[in-house]
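Input: a single structure, listed below in structure tokens.
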Amino acid sequence: TSSGLDASGLQDQNGDGDIDNVGVLGLNAEMAARWRGLSWQSELFYRYEDPGAVSESRSFWGVYTQLGARHRSGIEFAARYGFWEASRYGDDGAVVDAARVHEVAAALGTWLFGSRLRLQTGYGHRWLRGLGSLAGGELTDASAREHLVYVQTRLAF
């Protein structure tokens, strides 16, 4: 489980502008499968932070899974679900951010030039939970929604 952190208690011991004395361990496990135009991929991620003497240690986790289907014309449709807990490490205390995020997304893409160039566009909807700032605590209405539209490319060598 995650616990709050008062960012004002963190110290910059060596004056380089970064918070010091924080140990971070991140672990990720990813799986993917492709078969006859169908694809599945999923990832589980975990983050453990130990800020030393300034605060208690805390952990965060998340997961996503995506299913895709590619038509023989080369057009691919994908649907995705994800959940994650945001670590908010390094926030100045005034930033309002979500503690937990749920997301569903759909994408349409194609591969060109013998699968060397991928063009993709998509839509995502996020449910933000536990909105608050590290300085002011949780807000009265601690949830919100975001709509995302994106376009991306991928070039393979």
Next item on the list: Sort the following peptides by mean Cβ neighbour count (other Cβ atoms within 10 Å, averaged over residues), highest first: 73-84, 30-41.
Entry: 73-84, 30-41
Note to self: How much length would be gained if the chain were fully extended between V22 and V96, taking 0.36 nm per residue of separation minus their Cα-Cα distance, in nm to one decimal?
What the structure shows: 24.4 nm
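Read-outs throughout are calculated quantities, based only on the coordinates presented, and are distinct from any laboratory measurement. Owing to the predicted nature of the structure, the values given are computational and were not obtained by experimental measurement. Positions of Cβ are generated from backbone atoms using ideal geometry, with glycine treated the same way; all protein chains shown enter the neighbour counts.
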